[in-house]
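Everything below concerns the one structure shown next.
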Amino acid sequence: MAIPISVKQLIEGNLIESERIELKKGFNPEAILHSMCAFANDFNNWGGGYILLGVSDNHDIIGLKEKQVDSIMKQLLDLSNKVQHPYFPIIEPVRYSGKMVIVLYCPGGPARPYKAPKSLGKKSKYMYYIRHSSATVIANTEEEKELIGMSNQIPYDDRINLKASIEDLDLQLMKVFLREINSNLNPNTLSFEDLCRSLNIVDGPKEYLKPKNVGLLMFSQNPEKYIKTPWIEVTVFHDRVGDKFEEEKFEGPISSQIKMALQYIRNAAIRERVQKVNTQAEAIRFFTYPYTAIEESLVNAVYHKSYEIDAPVEVRIELDRIDIISYPGPLPPLNKDNINDEIVISKRYRNRRIGDFLKELRLTEGKNTGFRKIRAAMKYNGSPKPVFITDEERVQFITRLLIHPDFKNEPITEPLNEPLNEPLKIDLIFDFIKLNPNCKRKDIEKNTKIPLGTLKRHLQELIGDGKIKKEGSDKTGGYVILGE
């Protein structure tokens, strides 16, 4: 079975944290068994990890002898059966830089905690293995207790959804995703079931195959049918009392929600000012709010919210601030007393699979950089420091972005001078058509806020590229996505 992410991205990219990648220049069965067990236990809910055979610690491609590959594959199957409970990673031999490499994708297991023998000798003692930073170690007494306490606690996004069926997953959305991440998976040569298994978005026997929640959130047109309030709500207030306001709800696959909500917020809240300075040639440009801070805050809210709680991600655009709210609050060790510290470290993730998909789409990094990026963006813009808010019981988490002082107490009516970059415009148009088949041009214009002339040009580009087509007459017809 093929692995969605490419070997090139694993070796050369920075999508996957080093804690989740184990490089082995040769085949060491005992060490590989221990790392498989550690990734299966997924102690920090990172989403498991990857083991690359034939690659040295400094990322040199050593390669494996081709005549050894079949033998190693059989031995890996034997090692999988030595884990208690049996645990089977996805294994793929690939040719990279002219040499053979074997990739093991080891997602967090459904039946943790797992044990593995300390050695491959007879009557070896079984131990719990976990990851500490980029090393595989035996769990100490406290970690062992915590691991046992996590017994069968599968993160919600990685659980199967009994209310849905595999038919509720959308093949076209998967194709779009694979194209965006430059995956080696070819959806045209795989059966739908094999494609879903390769993306690890389904589970169960062939006769009772069910989608996982992450599959519905990423690749269903209507995830709200199966999951509580999986959408983003944006409210724009036009007075301080709260009598005058506008509301928008963004539904569909969460990656598309994020893009469309960000465009809406950009149009509603971001304005630019240019200030000439006598002592320098370049003018100073600043904004009501830096886009980077809004983007990072919203993506983090979608990533870290609980989809078991009946509450959407909320964005409240007030006259002097933006509050981005998700439920519940942060995971320990973060709390109301340390959440605004300059250095904030938390290695526990609530949604291990959502994070992986958003990272592959480059919407988040998942490396504890969110707080830092938001602070840096606000500082660079000359804005007040962001404020992160939670309560004693961690019921909710609020990221508060305060408006730049030069815009305070002023009505924000002038349009943003800086245009949205062209690739993002095309993405927004494509995503809107994907979520709203047979939509008309006026619907796209109204919802994306893209000027008519620019919209017409990009629609023609998408048609010319074979990505969309127009069905029906000029008056009643609409746009649809073309299959690949």
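For the stretch 368-380, taking the residues that are surrounded by fewer than 19 Cβ atoms within 10 Å (Cβ to Cβ) and not charged (D, E, K, R), the one that is nearest to Arg273 (Cα to Cα) is identified as Tyr380.
Residues checked against (1) open to solvent by less than 30 Å² (accessible area, probe 1.4 Å); (2) of a type in the set (Ser, Thr, Tyr); (3) closer than 29 Å to Leu216 by Cβ; (4) touching a Cys at 6+ places or on another chain (Cβ under 6 Å):
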{"site": "Ser255", "(1), (2), (3), (4)": "yes, yes, yes, no"}
{"site": "Ile258", "(1), (2), (3), (4)": "yes, no, yes, no"}
{"site": "Leu262", "(1), (2), (3), (4)": "yes, no, yes, no"}
{"site": "Arg273", "(1), (2), (3), (4)": "no, no, no, no"}
{"site": "Lys276", "(1), (2), (3), (4)": "no, no, no, no"}
{"site": "Ala283", "(1), (2), (3), (4)": "no, no, no, no"}
{"site": "Phe286", "(1), (2), (3), (4)": "yes, no, no, no"}
{"site": "Tyr289", "(1), (2), (3), (4)": "yes, yes, no, no"}
{"site": "Ala293", "(1), (2), (3), (4)": "yes, no, no, no"}
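I'm checking my understanding of the structure. Among residues of the stretch 432-453 that are free of Cβ contacts under 8 Å to residues at least 40 places away in the same chain and surrounded by 16 or more Cβ atoms within 10 Å (Cβ to Cβ), which one is nearest to Ile254 (Cα to Cα)? Only one residue fits best here, namely Asn436.
Residues of the stretch 1-56 that are buried (at least 20 other Cβ atoms within 10 Å of the Cβ), in a loop (DSSP other than H, G, I, E, B) and charged (D, E, K, R): Asp42 alone. Once the stretch 57-109 is narrowed to residues that are aromatic (Phe, Trp, Tyr) and not in a loop (DSSP other than H, G, I, E, B), the residue that is most open to solvent (accessible area, probe 1.4 Å) is Tyr96.
Just one of Asn41, Asn45 is closer than 20 Å to Glu143 by Cα, more than 17 Å from the chain's Cα centre (by Cα) and either modelled with pLDDT of 85 or more or not small (Gly, Ala, Ser) (or both); which is it? Reasoning before the result, please.
Numbers: Asn45 fails: more than 17 Å from the chain's Cα centre (by Cα).
Only one candidate qualifies: Asn41.
Number of residues in the stretch 110-127 that are open to solvent by less than 70 Å² (accessible area, probe 1.4 Å) and outside any loop (DSSP other than H, G, I, E, B): the value is 4. Of all the numbered requirements in (1) more than 27 Å from Tyr349 (Cα to Cα); (2) free of Cβ contacts under 8 Å to residues at least 24 places away in the same chain, Pro86 misses one, and that requirement is (1).
Taken together, the residues in the stretch 75-120 that are within 18 Å of Leu52 (Cβ to Cβ) and basic (Lys, Arg) amount to 2.
Per-residue answers, yes or no, for (1) in a strand (DSSP E or B); (2) touching a Gly at 6+ places or on another chain (Cβ under 8 Å); (3) modelled with pLDDT of 90 or more:
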residue: Val277; (1), (2), (3): no, no, no
residue: Gln280; (1), (2), (3): no, no, no
residue: Arg285; (1), (2), (3): yes, no, no
residue: Ala293; (1), (2), (3): no, no, yes
residue: Asn300; (1), (2), (3): no, yes, yes
residue: Ile309; (1), (2), (3): no, no, yes
residue: Arg316; (1), (2), (3): yes, no, yes
residue: Asp323; (1), (2), (3): yes, no, yes
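I need the full set of residues from the stretch 149-179 which are open to solvent by 80 Å² or more (accessible area, probe 1.4 Å) and either more than 19 Å from the chain's Cα centre (by Cα) or at positive phi (or both), in order please.
Our first condition is that a residue be open to solvent by 80 Å² or more (accessible area, probe 1.4 Å); within the stretch 149-179, this holds for 152-153, 159, 162-163, 167, 179.
Hits for the stretch 149-179 are Asn152, Gln153, Leu162, Lys163, Glu167.
Residues that are under 21 Å from Leu173 (Cα atoms) and more than 28 Å from the chain's Cα centre (by Cα) were ranked within the stretch 462-478; the one that is least open to solvent (accessible area, probe 1.4 Å) is Gly478. Would you confirm, using the coordinates I've provided, whether Asn182 is within 20 Å of Gly49 (Cα to Cα), of a type in the set (S, T, N, Q) and open to solvent by 20 Å² or more (accessible area, probe 1.4 Å)? Yes: the conditions hold for Asn182.
For the stretch 298-311, check the following and say yes or no: at least one residue is more than 23 Å from Asp158 (Cα to Cα), open to solvent by 30 Å² or more (accessible area, probe 1.4 Å) and not aliphatic (A, V, I, L, M). The answer is no; no qualifying residue exists. Exactly one residue among Pro205, Pro187, Pro223 is of a type outside the set (Gly, Ala, Ser), within 30 Å of Pro107 (Cβ to Cβ) and without any contact (Cβ under 8 Å) to a residue 12 or more places away in the chain, and that residue is Pro205.
Here Ala268 fits the description: of a type in the set (Gly, Ala, Ser), open to solvent by 20 Å² or more (accessible area, probe 1.4 Å), touching a residue at least 24 places away in the same chain (Cβ under 8 Å) and not in a loop (DSSP other than H, G, I, E, B). Tell me, yes or no, whether the stretch 247-263 has at least one residue that is charged (D, E, K, R), out of contact with any Phe, Trp or Tyr (no Cβ under 7 Å at 6 or more places or on another chain), modelled with pLDDT of 90 or more and not in a helix (DSSP H, G or I). Checking the stretch 247-263: at least one residue is charged (D, E, K, R), out of contact with any Phe, Trp or Tyr (no Cβ under 7 Å at 6 or more places or on another chain), modelled with pLDDT of 90 or more and not in a helix (DSSP H, G or I). On inspection, Met100 does not qualify as at pLDDT below 90 and of a type in the set (A, V, I, L, M).
The values are calculated or read from the model by the stated rules, or taken from the named source; none is laboratory data. Being a predicted model, the structure only gives us computed values, none of them experimental. Don't worry about glycine lacking a Cβ; one is built from the backbone with ideal geometry, like all the others, and counts go over all protein chains shown. Heavy atoms of the whole protein, side chains included, go into the accessibility calculation; ligands, DNA and RNA do not. Shrake-Rupley method; radii C 1.70, N 1.55, O 1.52, S 1.80 Å.
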